[in-house]
Amino acid sequence: MPRNFALTAAAFMGLVVAAILFTGAVAVSERLPVAAAKDGFSVSEVRDFVNRATVRGLMAGGPISLWWTTNVAKKMPTAIVPRRTETMPLANAPMPEIGNITAKTSFGDMTLDAWVNDPRSFAQGFIIIHRGQIVYEAYPGLKSDDAHMWASTAKPLASLIIDKLIDKGLLDERKTIGDYMPDFRGTAWEPITIKDILDMTTGLNAEENPATRRDPNSITSRLFYAELGEPTPTTSKMETVREVLKDAKPVRPAGMSFDYGSGITQALVLLAEEVSGKTFSDLFDDLVWSKVGSSGPIQLHLAPDGTAAVHGFVSSSLRDMARFGMLYTPSWNTVATERVVTPEIVERIRKGVRPNAFYMAGVEGPILANALSDAILSNSRQWDAVFPDGDFYKSGFMAQGLYVSPGRDLVIAYFSTSLDHTSPQRFLRPIATSGLFGR
């Protein structure tokens with residue numbers, strides 16, 4: 001039987017629309033607990049969610065979002081990148097003391113254990129891996145093998161493929177989009193270097209923030225409509241990803257500030273396909289996932305035009321997202337048959353950062369600096385933050401996250417369905433610098 005929602009469908013959608021327009025959120029009292037995702041949904045609920053899973057509905061963080069984060073393939077075409085080698089199991093070596101690490105969350109000072117299990121956090125899974133072993137793991141809202149959407153935590157998939165193509169001699173990051181993509185010549189993308197795209201400093205009006213997510217005519221919103229097969233509301237026009245990106249306009253010179261945007265990641269996806277002659281899913285299979293002893297496939301969800309929406313529409317189990325992070329650590333050989341992420345690629349992330357003033361000049365930099373509550377050098381190669389000790393971090397919409405510490409051989413990964421990004425981020429540096437993992 002369907003769950004007894006406190007609101008009728010029409011009234012609920014009215015509140016969702018109002019919430020998006022005025023706050024971008026759905027009140028906690030109108031939400032399902034994350035355990036509902038673990039328990040599963042009825043046939044009638046799934047049909048209802050499929051019908052109501054629109055761009056605006058999904059971004060509200062309510063019941064539709066809770067269903068969507070573990071069921072993207074029920075709505076979008078999906079490339080299934082299979083596991084091609086035997087699963088390489090992760091050993092368990094629990095460290096209960098990790099759960100006692102505290103942080104200042106939106107609900108006050110809390111231990112990690114208390115926050116993860118607090119219904120208000122909407123945390124679905126949290127894992128910490130040290131030296132190739134699972135030292136902390138919890139699943140309030142998932143079964144351990146459930147596939148969950150990575151959201152923007154997936155963006156480093158694109159930068160890794162670009163780095164692999166650089167190593168193969170197929171790309172030079174000092175060259176421009178116009179050097180590689182003939183149909184983008186004559187657009188605002190033509191003079192922008194690959195390095196500026198990697199570091200999200202294009203100077204184009206492709207920036208993603210609360211304002212551009214609310215504006216149906218922004219490049220950000222139009223990209224989302226194109227990927228979910230919806231017409232832009234104000235024009236009723238169906239667009240492709242390529243068409244949307246080509247319509248971007250310059251607002252400042254490239255290289256001036258960290259201007260975060262999902263469309264920028266998608267430019268890397270199109271670039272990778274252009275120079276390789278392969279689809280992004282095939283590239284990721286060949287160069288990365290076929291080497292990983294994952295627990296299952298990784299899902300790359302596609303726009304109707306077949307473009308892999310790697311900026312955020314990627315799904316896997318939490319352990320497999322953590323395995324991806326482990327490719328950047330000394331324990332890569334516990335999860336992969338060969339070294340996918342070379343020391344040179346790691347050093348490009350760590351040493352290729354722009355000045356901190358560049359980071360703080362954009363919208364996203366100050367937000368992340370406040371949430372992460374520690375010194376940040378800058379962003380780099382699709383990663384949101386690089387710290388002075390060489391650690392780096394990527395966040396995702398509705399509070400997903402992947403933190404990698406090559407020096408400590410440490411990975412932290414988590415899934416949520418919450419518009420409160422700050423609370424889980426506040427635990428990351430206290431965990432990494434707790435003294436439990438060296439340094």
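Throughout, read-outs are computed from the coordinates displayed, never taken from laboratory work. Just so it is clear, the structure is predicted and the values come from calculations on it, not from any experiment. Neighbour counts are summed over all protein chains in view; Cβ atoms, including those assigned to glycine, are modelled from backbone coordinates with ideal geometry.
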Task: Other-chain or far-sequence residues with amide H under 5 Å of D247's (modelled H) - done: none
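State to the nearest 20 debye the size of the charge dipole of the chain about its Cα centre, where the only charges are +1 on K and R beta carbons and -1 on D and E beta carbons.
On the way: 44 positive and 47 negative charges, 44 e Å.
That gives a dipole near 220 debye.
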Task: Label-reachable residues, segment 63-103, where backbone N falls under 17 Å from a point 7 Å from D118's Cα toward its Cβ - done: 99-103
- [ ] Could you list which residues have their amide H under 5 Å from that of S378, counting only those 5 or more apart in sequence or on another chain, with H placed in the peptide plane?
- [x] V386
Task: Between segment 329-370 and segment 289-311, the Cα center-to-center distance that results, in Å - done: 21
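Peptides 227-233, 66-72: what's the order by average Cβ count within 10 Å, highest mean first? Walk me through the numbers before you get to the answer.
Values: 227-233: 17.1, 66-72: 23.9.
Ranked by mean Cβ neighbours within 10 Å, highest first: 66-72, 227-233.
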TODO: Find the relative contact order for segment 34-99 and round it to a whole percent, using C-alpha pairs within less than 8 Å whose residues are 6+ positions apart.
DONE: 27
Task: Derived scalar couplings ³J(HN,Hα) [segment 116-122; Karplus, 6.51 cos²θ - 1.76 cosθ + 1.60; whole Hz; x for Gly, Pro] - done: 4, 9, 7, x, 6, 6, 6
Open item on the list: Quick check on segment 286-374: take the gyration tensor over C-alpha atoms, sort the square-rooted eigenvalues as a ≥ b ≥ c, and tell me if it's rounded (a/c under 1.5), prolate or oblate.
Closed with: oblate
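Using packing as a proxy for protection, rank 108-117, 407-416 so that the peptide with the highest average count of other Cβ atoms within 10 Å comes first. Provide the component values of the computation, followed by the final result.
Numbers: 108-117: 17.3, 407-416: 24.6.
Top of the packing list down: 407-416, 108-117.
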Open item on the list: With unit charges on the beta carbons (Lys and Arg positive, Asp and Glu negative) and the dipole taken about the Cα centre of the chain, which residue among I129, L302, F258 sits farthest to the positive side?
Closed with: I129
TODO: Scan (i) 29, 28, 21; (ii) 33, 24, 22; (iii) 56, 29, 21 for the value of semi-axes √(5λ) of the Cα gyration tensor in Å calculated from this model and give just the label.
DONE: (i)
- [ ] With a ≥ b ≥ c taken as the square roots of the eigenvalues of the C-alpha gyration tensor of segment 160-236, please select rounded if a/c is under 1.5 and otherwise prolate if a/b is larger than b/c or oblate if it is not?
- [x] prolate
- [ ] Just order 213-223, 311-321 by mean Cβ neighbour count inside 10 Å, highest at the front, would you?
- [x] 311-321, 213-223
- [ ] May I ask you to derive the relative contact order of segment 48-193, considering only C-alpha pairs under 8 Å and at least 6 residues apart, and to give it as an integer percent?
- [x] 15
- [ ] State to the nearest 20 debye the size of the charge dipole of segment 161-205 about its Cα centre, where the only charges are +1 on K and R beta carbons and -1 on D and E beta carbons.
- [x] 60
- [ ] Output ³J(HN,Hα) for segment 62-71: one whole-Hz value per residue in order, computed from phi by the Karplus curve 6.51 cos²θ - 1.76 cosθ + 1.60 with θ = phi - 60°, and x for Gly and Pro.
- [x] x, x, 4, 5, 4, 5, 4, 4, 10, 9
Task: Span-rule helices in the chain, defined as complete DSSP H runs reaching 15 Å or more along the axis (Cα) with Kyte mean at least -1.0 - done: 9-22, 155-167, 262-276, 422-432
Open item on the list: So for the chain, averaging the separation of alpha carbon pairs under 8 Å that are six or more residues apart and normalising by length, what relative contact order in percent results?
Closed with: 21
- [ ] Pull up all non-local amide H partners of L142: gap of 5 or more, or a different chain, and H-to-H distance under 5 Å with H placed in the peptide plane.
- [x] none
Task: the chain - mean residue ellipticity at 222 nm from DSSP helices (-39,500 (n - 2.57) per run, n ≥ 4, rounded to 500) - done: -9500 deg cm²/dmol
TODO: Would you calculate the separation in nanometres between label points at D215 and R47, each defined as 7 Å from the Cα along the Cα-to-beta-carbon direction?
DONE: 4.1
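Using DSSP, restrict attention to beta bridges with both residues in the chain and report what percent are antiparallel, rounded to the nearest 5. List each step's numbers first, then the result.
Numbers: 43 of 45 bridges.
Roughly 95 percent of the beta bridges in the chain run antiparallel, per DSSP.
Under the classification rounded if a/c is under 1.5, otherwise prolate if a/b is larger than b/c and oblate if not, where does segment 133-279 fall, given a ≥ b ≥ c as square roots of the Cα gyration tensor eigenvalues?
oblate
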